[in-house]
Amino acid sequence: MRTDQPDHRLAIVGGGVMGTNIATLATGYGIPVTLVDISETALAKARTTIAQKSRHAQLMGTLPPDVPRGELMTSTSMRDVADATTVIEAVTELPETKAQVLAEASAVVRPGTTLISNTSCIPIDEMAASVSRADELVGVHFMNPSYLIKMVEVIQGPRTSEATMSSVTGLLTAMGRQALIVRDSPGFVINRLLHPLINSAAMLVEEGVASVEVVDGMLEGCLGHSTGPLRTADLIGLDNLVDSLNVLYERRRDESCRPCELLLAKVRDGDLGRKTGRGFYDYGKVAS
């Protein structure tokens with residue numbers, strides 16, 4: 001199977017943090033991208049964000065310098081994903097929203113088109129009921145920021161075909177990523193480990209055991225984590241984290257995954273992390 005870039009035409013549905021991350025990565029490797037979102041306002045913001053992230057990636061030397069950038073097109077119509085070879089759903093971590101997007105994409109693409117959910121916790125087989133051809137659906141959990149982190153968690157659902165697995169690993173190879181394949185399960189590997197850890201870290205702050213800085217400092221200085229759990233939470237987005245914890249709790253009934261009150265309070269107050277300028281840490285005003 002060929003995996004050279006001209007064979008790939010990528011569509012991404014959702015222009016938020018992860019959608020713009022993936023678009024930055026793909027276009028940086030010369031792959032054309034059609035980005036779909038609900039409004040021209042959202043798309044204008046996404047284009048600005050992708051330009052900023054592309055500059056950051058170039059400064060960090062994480063994109064190939066000798067590859068012409070892939071074309072970025074934007075649209076508010078799901079019909080414009082019809083000619084893609086792969087469609088990535090990158091909307092918020094709510095099962096109903098993801099199911100709706102995947103159903104709409106599945107209805108317009110040709111048979112043989114790979115459908116990817118960039119989910120962090122929702123089982124792939126649960127979403128497979130929403131698509132026309134369950135064998136063409138696979139999970140890919142890109143890390144944040146996608147253009148800096150080379151490892152990618154790939155989730156093979158029980159109905160995901162080997163042809164789909166070959167297609168997705170070919171796409172990831174073309175984007176310079178290394179696929180780590182896991183079986184389908186709520187939270188998969190990364191977030192089944194990470195999200196309860198973050199929740200427990202937030203509980204320690206809530207209970208007054210230690211400050212945010214001390215909790216993060218313990219994990220960084222004593223256990224060698226490059227970023228503490230609460231700073232990581234701010235990068236993920238506290239609203240996204242709460243949504244993911246709810247998915248894990250509802251499916252596993254593990255009390256360590258029930259979002260603690262401090263997390264819920266920050267989400268209610270709109271302190272969602274880096275994207276709003278304040279979460280567990282203060283990042284200053286974020287431009288609207």
Over the stretch 165-212, consider all pairs of different Cα atoms and compute the Kirkwood hydrodynamic radius from their mean reciprocal separation; express it in Å, one decimal.
-> 13.5 Å
Under the Karplus relation with 6.51, -1.76 and 1.60 and θ = phi - 60°, whole-Hz ³J(HN,Hα) for the stretch 94-105, x at Gly and Pro, equal 10, x, 5, 5, 4, 4, 5, 5, 5, 4, 5, 5
Positive-pole candidate from GLY30, HIS195, GLY224, dipole of the chain, charges at beta carbon | GLY30
Mean Cα-pair separation over length for the chain, i.e. relative contact order, pairs under 8 Å, 6 or more apart, % = 14 percent
P(r) tail fraction, the chain - alpha-carbon pairs more than 33 Å apart, % | 21 percent
Given unit charges at Cβ for Lys, Arg (+) and Asp, Glu (-), the dipole magnitude of the stretch 192-276 about its Cα centre in debye, nearest 20, is 320 debye
Extension gain LYS150-SER132, at 0.36 nm per residue separation less the Cα-Cα distance, in nm?
-> 3.4 nm
What do you get for Rg/Rh of the stretch 1-156 when both radii come from the Cα atoms and Rh is the Kirkwood radius?
-> 0.94
Find, among the GluC sites (Glu not before Pro) in the stretch 49-96, those assigned to loop by DSSP (not H, G, I, E, B) with at most 14 other beta-carbon atoms within 10 angstrom.
-> GLU71
Sort out for me the Cα centre separation of the stretch 192-257 from the stretch 44-114, rounded to whole Å.
-> 29 Å
With only Lys, Arg, Asp and Glu charged, each at its Cβ (+1 for the first two, -1 for the last two), find how big the charge dipole of the chain is about the Cα centre; round to the nearest 20 debye.
-> 540 debye
All Cα pairs of the stretch 192-276, percent lying beyond 18 Å = 38 percent
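Coordinate-derived values only; no laboratory data. None of the values given here were measured: they were computed from a predicted structure. Neighbour counts are summed over all protein chains in view; Cβ atoms, including those assigned to glycine, are modelled from backbone coordinates with ideal geometry.
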